[in-house]
1. Tell me, which residue of region 127-151 that is hydrophobic (A, V, I, L, M, F, W, C) and over 21 Å from the mean Cα position of the chain (by Cα) is farthest from A179 (Cα to Cα)?
2. May I ask you to verify whether A179 is in the same structural domain as K119 (by TED's automatic domain parsing), farther than 28 Å from T29 by Cα, at pLDDT 95 or above and touching a strand residue (DSSP E or B) at 6+ places or on another chain (Cβ under 7 Å)?
3. Which residues, counting only those in region 120-143, are surrounded by 16 or more Cβ atoms within 10 Å (Cβ to Cβ) and of a type in the set (S, T, N, Q)?
4. Can you tell me which of F146, F170 is crowded, with 20+ Cβ neighbours inside 10 Å, assigned to a helix (DSSP H, G or I) and touching a residue at least 60 places away in the same chain (Cβ under 8 Å)?
5. I'd like to check something: does region 77-90 contain any residue that is among the hydroxyl-bearing types (S, T, Y), part of a loop (DSSP other than H, G, I, E, B), touching a strand residue (DSSP E or B) at 6+ places or on another chain (Cβ under 6 Å) and surrounded by 20 or more Cβ atoms within 10 Å (Cβ to Cβ)?
6. Check V58 against each of (1) under 25 Å from A144 (Cα atoms); (2) among the β-branched types (V, I, T); (3) assigned to a helix (DSSP H, G or I) and name the one condition it does not meet.
7. Kindly list the number of the only condition in (1) buried (at least 22 other Cβ atoms within 10 Å of the Cβ); (2) of a type outside the set (K, R); (3) outside the structural domain of T86 (by TED's automatic domain parsing) that fails for F163.
8. Going by the structure shown, is D105 without any contact (Cβ under 8 Å) to a residue 12 or more places away in the chain, more than 16 Å from V68 (Cα to Cα) and among the charged types (D, E, K, R)?
Amino acid sequence: MTAAKPTCGFVYVATGARYVAEACASAATLRAAMPSARVALITDAPPTDPAGLFSPVVVRTDVQHRPVDKLLCLAAPFDRCVFLDTDTHVSGDLSGLFDLLEAFDLAAAPETLRGWHYKLPGIPDAFAEYNTGVIAFRRNAAVASFFGAWRQDYDKLHSSHGFVSDQPAFRSAAFRSVARLAPLPSEYHFITSTPNYTMWQVRLLHGRGDLGRDAAELNRRPGARAHVPGLGAISAFQGHGHWLRQCLRLMMRCVQVPLAALFRSGGSAPRSHWTGEEKSLTESRRDPKP
């Protein structure tokens, strides 16, 4: 008897009206790139959803209004699932993430900041953080055990060190887990808040700002290229004409960015990764004591 084909879908976890609105904007880009995708939303504040962005919408009351709420993604009704943070922009087909789950239990991208600003006992620096803004996972016992350890480690690190970010706990759980974890290339999870590098078409961007503009700029030319916040895409040598145009563009950006910072309301501090949580983000960066 032929086994049933596994169900595949995407899931957002958005707790609070601001994040629900952000999830709707992200899901609209996902729908544009993958019109037939199944997309679930887990939330404590269900949207009106006139455009039919989500099906189903799962309402939960056991939320903390912290990044750890994303662990509720395990409640998505799919056999193979891709969790997306609300501040993501989809610019291409992501179906390859489900193909990856044929051989792996989990997949996530290495964190560009590495997580070397803190120490976790027994975990070497060579095993760096993963960014949990995009997580592909399959439903099995190893993944269920991993999520349980992730939750326990989060509660422990939050209590002992004041961590708000869920990523140190993910790192801790992943280091000990038997689940097979695949690293995602930047094309499938391009983090825009720090300098980053890519080679081929960027299919998903993660950060805040004009991600549509960033996607168009990054995908204008294939090949080795970097992205520096404020300066945009910087590609390898592709002829003298292109090199000259790029140098002129960068010179203009170098003038525009400092001028914009002078007139930016609210001071010149960088934006936090979570809206309205500057204090919490600062707390999550504290060095833990062994």
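1. In this case the residue turns out to be A141.
2. The answer is yes for A179.
3. Across region 120-143, the qualifying residues are N131, T132.
4. Selected residue: F170, the only one of F146, F170 that is crowded, with 20+ Cβ neighbours inside 10 Å, assigned to a helix (DSSP H, G or I) and touching a residue at least 60 places away in the same chain (Cβ under 8 Å).
5. So far as region 77-90 goes, yes, one or more of its residues are among the hydroxyl-bearing types (S, T, Y), part of a loop (DSSP other than H, G, I, E, B), touching a strand residue (DSSP E or B) at 6+ places or on another chain (Cβ under 6 Å) and surrounded by 20 or more Cβ atoms within 10 Å (Cβ to Cβ).
6. In the conditions (1) under 25 Å from A144 (Cα atoms); (2) among the β-branched types (V, I, T); (3) assigned to a helix (DSSP H, G or I), V58 misses (3) alone.
7. With (1) buried (at least 22 other Cβ atoms within 10 Å of the Cβ); (2) of a type outside the set (K, R); (3) outside the structural domain of T86 (by TED's automatic domain parsing) applied to F163, the lone miss is (3).
8. Considered against the rule, which asks whether it is without any contact (Cβ under 8 Å) to a residue 12 or more places away in the chain, more than 16 Å from V68 (Cα to Cα) and among the charged types (D, E, K, R), D105 comes out as no.
The values are calculated or read from the model by the stated rules, or taken from the named source; none is laboratory data. A quick note: this is a predicted structure, and the numbers were derived from the prediction, not measured. Note that we place each Cβ from the backbone using ideal geometry, even for glycine, and neighbour counts take in every protein chain shown.
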